[in-house]
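Asker: After the structure tokens below, expect a handful of questions from me.
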Amino acid sequence: MTKVHPKFPNTCDVSLCDSKAAAVLTVWKKSLLFNCDGFTVYNANGELVFRVDNYMNCPRDNIVLMDASGLPLLSVRRKKLSLGDCWMVYDGETERDPIMTARKNVNIITNRRTLAWVSSKRTVLYEIEGSYSQRSCKILDERRNKKKTAEIKRKETVIGGVAFGKDVFKLIVESEMEPRVAMALTIILDQMFRSS
């Protein structure tokens, strides 16, 4: 059986934040805890980096992104009483002063490629385009002339080129973006396009 995070030599041996090279993360849409829904994220060396554990019977309006040891990094919360699908990202488990807001694109007639916009204090930071259902998305930095800062891609095995399916994919994060922010945006996309 093929491993989700095989320990093959990688050209990208990086710590997550201290390098100029892109961080390649493997995202597995499965919690490490029994009877939970969530994500498990590994780095290129197969080490646990992030995790999300949501109990099956709990509402999915509040999701906490944790590091490997279980310390909360970011909270993702659905904005209540909002026109359209809108999510807020907070530092840790606080409920004041969101770091950013992500809003789902509802105008699919004129703008089919854009999935969502991410803003902070009324300034658009990122545009997310592509197809989350196909695990093919790009996060573009609006402040840097739409430079790609992160990308979601299907993961394939090194030997044989067999795809893992939709539950296992790569999150490639450029050095200009924090990996925890890219993972928070991935969680938001999963919530916005849950049935995909």
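Asker: Could you name the lysines in cross-link range of Lys121, using Cα to Cα under 23 Å and dropping any fewer than eight places away on the same chain?
Answerer: Lys79, Lys80, Lys104, Lys138, Lys146, Lys147, Lys148
Asker: On to the next question. Positive end of the charge dipole of segment 74-126 (Lys, Arg +1 and Asp, Glu -1 on Cβ, about the Cα centre): tell me which of Leu115, Leu74, Thr101 has its Cα farthest that way.
Answerer: Leu115
Asker: Segment 86-196: D in µm²/s via Stokes-Einstein (Kirkwood Rh, Cα pairs, 20 °C, 1.002 mPa s)?
Answerer: After rounding, the answer is 146 µm²/s.
Asker: Restricting to Cα pairs below 8 Å that are 6+ residues apart, what does the relative contact order work out to for segment 99-196? Please round to a whole percent.
Answerer: Once divided by the residue count of segment 99-196, the mean separation gives 18 percent.
No value in this document is a laboratory result; all are computed from the given coordinates. Computed from a predicted structure; not experimentally measured. Positions of Cβ are generated from backbone atoms using ideal geometry, with glycine treated the same way; all protein chains shown enter the neighbour counts.
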